[in-house]
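The values are calculated or read from the model by the stated rules, or taken from the named source; none is laboratory data. All figures in this text were calculated on a predicted structure; none of them were measured in a lab. Counting neighbours? That spans all protein chains shown, and the Cβs are built from the backbone with ideal geometry, glycine included. The protein model used for the area step is the full one, side chains on, heavy atoms only, and it has no ligands, DNA or RNA in it. Shrake-Rupley method; radii C 1.70, N 1.55, O 1.52, S 1.80 Å.
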Amino acid sequence: MLEGEEVQRKAKRHIERERGRKEATADMSEDLSEGERGDVHGEILSHGGSVRGRMPRISSVDVMENWAKQHKEKKLYIVLISLHGLIRGENMELGRDSDTGGQVKYVVELARALGTTPGVYRVDLLTRQVSAPDVDWSYAEPTEMLNLINSENSMQEHGESSGAYIIRIPFGPKDKYIQKELLWPYIPEFVDGALNHIIQMSRVLGEQIGSGNPVWPVAIHGHYADAGDSAALLSGALNVPMVFTGHSLGRDKLEQLLKQGRQSREEINATYKIMRRIEAEELTLDASEIIITSTRQEIEEQWRLYDGFDPVLERKLRARIKRGVSCHGRFMPRMIVIPPGMEFHHIIPHDADMDGEDEEKFEDSPAAPDPPIWSEIMRFFSNPRKPMILALARPDPKKNITTLVKAFGECRPLRELANLTLIMGNRDDIDEMSSTNASYLLSIIKLIDKYDLYGHVAYPKHHKQSDVPNIYRLAAKTKGVFINPAFIEPFGLTLIEAAAHGLPIVATKNGGPVDIHRVLDNGLLVDPHDQQSIADALLKLVSDKQLWARCRQNGLKNIHLFSWPEHCKTYLARIASCRPRQPQWQRSEDGLRNEESDSPGDSLRDIKDLSLKLSLDGDKNESGNLDNSLDTEENASDRKNVLGNNALTLSKDAIRGAQNESIEKADNNICSSKFPSPRKRKYIFVIAVDGDTTSDSLEAIKIVVEVGMKETSIGFILSTSMTISEVYSLLASGGLSPLDFDAFICNSGSEVYYPSSSNGDTTGLPFVLDLDYHSHIEYHWGGEGLRRTLVRWAASINDKHGQEQIVVEDESGSTAHCCAFKVKEPSMIPSFRELRKLMRIQGLRGHVIYCQNGSKINVIPVLASRSQALRYLYIRWGADLSKFVIFVGECGDTDYEGLLGGIHKSVILKGVGSNARKLHADRSYPLEDVTPFDSPNVVQSEGCNVNDIKQSLEKLGVLKV
């Protein structure tokens, strides 16, 4: 039954993909020439064809000196993110658990290598700070400088804060180390902490190398899904390019687990939070400029499983961009194949391995005693001189060690010729391991017993990371073979490590080893499901001495194609191809730098009659993406320009037109001063209550304002899905003044306004629009192309039901950065997930938000949201996020989850907004999995009244009652 459901699911997905591709192609009606198809395909799969010819070898200092001369003037700041596992620069505990594996080693070495690359000034590797009794104290250190590789030969010009650092950000449960599946609710808390670090570092670097101007990261690079989710939020908050590396992908893991048939989709999701992980990876496709893969297999077999990536459509978009033709708002990130690098400076093949003699001395000279790990391994063997078959992987079912043991145990010639060594992480007691790893390890030990392999198989309990090179050396010394039999291997860094130590390889034919073998040509590939194939390959290599020697020499000859210098050169070249982006207002004189950063200026509530002006320093050629710049002329006829000399006042008819790109091309001399910032606020109350009715929302607003007004130095922000004209009418009906507020976040976070003391004319509204925010969120926005697709979608819904229009475009509620629709029958339209999928399949990026109990739909830029708008104001105002208090209902619009997490404080108003739960009924993961309801920063009031709210604020330490 489960198998049938999966077949139907895949068939439906195929139909949806084909339909989406067809609609997207219909919009982009110009055909591609065959030549363009070929060129673009080769450009995307940059390591197709002869990989060896495309990867120049780093073999001399001259190459790096030439690189240094070309890039010595650059001083780049790069941020890497890797959240889970235990990360430190020395003595890494790889294999300690499933979260502390190859990714940890990769990101630390990448940070260290980039930190010594000419052109890079500073690298920060952000991770989680862990202060737990069951882990080493070093993981609680806020900062760790990574030692330089071969620092005496480094050509990097160092400065006071230069180099590579591990920065540990506290987030999640205190004094507790938790697995990655449980980290999701605390991602926003990390983002806020990381944002604070990056802002401070940008100022420090600005003083050192930026002539007093902040130095923002040239890129924020997330590793794995949780870090990708974080990088997307940080990239959006700072308006800087995002890069992503998946390492392993959720949809591929889901497919593999379903094939095993041990768990249903629901059980898998409950164990691995797999749907939240998949959504995070979809978000990386929405937000990333570049996605770095280790192999072509990741692109062709893993990324193509996602709604947001289609290789066919990607080729068409790439060709149109090259020709300068509009993509109608469609975008797909650039997929780049860059194999991981490796440190080779410390690897010296053993003399005995290099003399070419058949008969070698097994013992070293007395001056060089055997490493302790050798005796730890050899004590298992009755004949330790036999060639060693080495496998190095944690006891995880996907690593397929059981098939290897079966192949070894059932092949008598192989048992007679060789020994088998299994390095399976570290353990003190099997009963203390995770249930999955413990169960799998026991199954391996039972197989050893079944085939009576005692004296033939070694499986030591402990090894240090520093022992790993010596383990490879021992295997090479015995003329052994390294094997990776995993069912699928995203890359296979251990294969490169083995080759560097002179070990031929046998590896799975599924995934990265195919590309590694193509470059190194130092072994054999096998079907991991074919036990006999594994045995035959191993037997061939250990028995054929000429083949063994040839594979060994090929590996040593070609290994430098995977060096870190080569990786970093390619990496930086790709980063340099991204369009530079940074916070837009930083280009004006007001900037972030301020003599009173802890007490920034006053808002209109303090001075009442401040004359506001706009800073129009945005340049669409710098802030917008290419697709939209190509689409500008097409949409220009629909755009209006409303400017005032001293204040921008927006009438109800002019709101939509005032936000368009034509404004940003206006004369910069018209206005130049900055927006107000609430510098004297002790706390800022953010009212983001999505009530069941408009009157419910108004009542909640009035009560919160009443509580705040009775205290001193309390500011207010109203955050809503409503338009600014609807906000104005709502405030007026409740007897509230716009001047009671410091800012208004409207249209679900796609607009930011500030109150104004001037109305302009009789139809004007007393608000000023933040155009810098529009430049900030413009990236990947589909504009008119997206609107047309959504209009077609609405028409298809109406045609399907054959009655009065169920979904209609809300022209009065739409703006240049918000496509709004009215819904007459919410129960008759697909869920927000389905609409979001439709957009992604067609390469259209944005957030889909079902609002006001489903009676309204807002589609906004992917970098915009109500929570991201708050981070924008935090950066612009120089405020303290921990002083923000967000008021929400029991539930709300479909962006509700983003409002609760973070370092700000949250008050949930009981009895308000509960009807909105139906909007969340079709979620792929429950709110409880991603919302930190157990956080001390989140409290629930007993009701929506003054006394209950005061008591909640007292619990949060905001008020004293």
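Between Asp544 and Ser435, the C-beta separation translates, for a Förster distance of 45 Å, into a calculated FRET efficiency of about 0.60. What the phi angles of region 244-258 give under the Karplus curve with 6.51, -1.76 and 1.60, with θ = phi - 60°, is a coupling list of 9, 10, x, 6, 8, 10, x, 5, 5, 4, 4, 4, 5, 5, 5 Hz, glycine and proline written as x. Pop the C-beta distance of Val939 and Glu825 into the FRET formula with R0 = 45 Å and round what comes out to the nearest 0.05. Efficiency, rounded to the nearest 0.05: 0.80. Computed extension length for Lys955-Ile15: 333.1 nm, one decimal, from 0.36 nm per residue of separation with the Cα-Cα distance subtracted. For region 177-199, the residues whose amide N sits under 17 Å from a probe point set 7 Å from the Cα of Gln263 along the beta carbon direction are 179-184. Too long at a 20 Å Cα-Cα cut-off: which of Lys253/Lys464; Lys910/Lys950; Lys176/Lys955; Lys800/Lys822? Pairs exceeding the cut-off: Lys253/Lys464; Lys176/Lys955.
Once backbone amide H atoms are built at 1.01 Å from N, Ala164 has Val123, Leu146 as its partners under 5 Å, excluding neighbours fewer than 5 places away on the same chain. With 0.36 nm allotted per residue and the present C-alpha distance subtracted, the Asp428-Asp880 stretch has 158.2 nm of extension available. Taken per residue, the accessible surface of region 760-862 reaches 31 Å², heavy atoms only and a 1.4 Å probe. Approximating the spin labels as points 7 Å out from Cα along Cα→Cβ, the Val204-to-Ser729 distance works out to 5.1 nm. Modelled label positions at Leu739 and Arg323, each set 7 Å beyond Cα in the direction of Cβ, lie 5.8 nm from each other. Going 7 Å from the Cα of Lys800 along its beta-carbon direction, which residues of region 814-837 have the amide nitrogen within less than 18 Å of the resulting point? Under 18 Å, as judged by backbone N against the label point of Lys800, lie 821-837 of region 814-837.
Pairs exceeding 23 Å between alpha-carbon atoms, taken from Lys12/Lys399; Lys680/Lys883; Lys259/Lys406: Lys12/Lys399.
For Ile886, nonlocal amide neighbours, meaning residues 5 or more places apart or on other chains whose placed amide H falls under 5 Å from its own, are Val686, Lys905, Ser906, Val907. Rounded to the nearest whole Hz, the Karplus-based 3J(HN,Hα) values (6.51 cos²θ - 1.76 cosθ + 1.60, θ = phi - 60°) of region 294-308 follow the sequence 7, 9, 5, 4, 4, 6, 6, 10, 10, 5, 5, 6, 8, 4, x, with x at glycine and proline.
Contact order for region 253-340, expressed relative to its length and based on alpha carbon pairs under 8 Å spaced 6+ residues apart, stands at 33 percent.
Here each label is just a point 7 Å from Cα along the line to Cβ, and for Lys910 and Glu73 those points are 6.5 nm apart.
Shape class for region 291-350, computed from the alpha carbon gyration tensor (a ≥ b ≥ c): prolate, with a/c not under 1.5 and a/b above b/c. Can you pull the accessible area of Glu809 for me, 1.4 Å probe, Å² to the nearest 10? Approximately 60 Å² of Glu809 is accessible to the 1.4 Å probe.
Taking θ as phi - 60° and the Karplus parameters 6.51, -1.76 and 1.60, the scalar couplings of region 450-458 work out to 4, 8, 6, 8, 4, x, 10, 10, 10 Hz in sequence order, x denoting glycine and proline.
In plain terms, the chain from Ala921 to Val808 could stretch by 38.4 nm, reckoned as 0.36 nm per residue minus the Cα-Cα distance. If R0 is taken as 56 Å, the Cβ-Cβ distance between Asp134 and Glu706 corresponds to a FRET efficiency of 0.70.
Per residue, the accessible area of region 895-961 comes to 45 Å², computed with a 1.4 Å probe over protein heavy atoms only.
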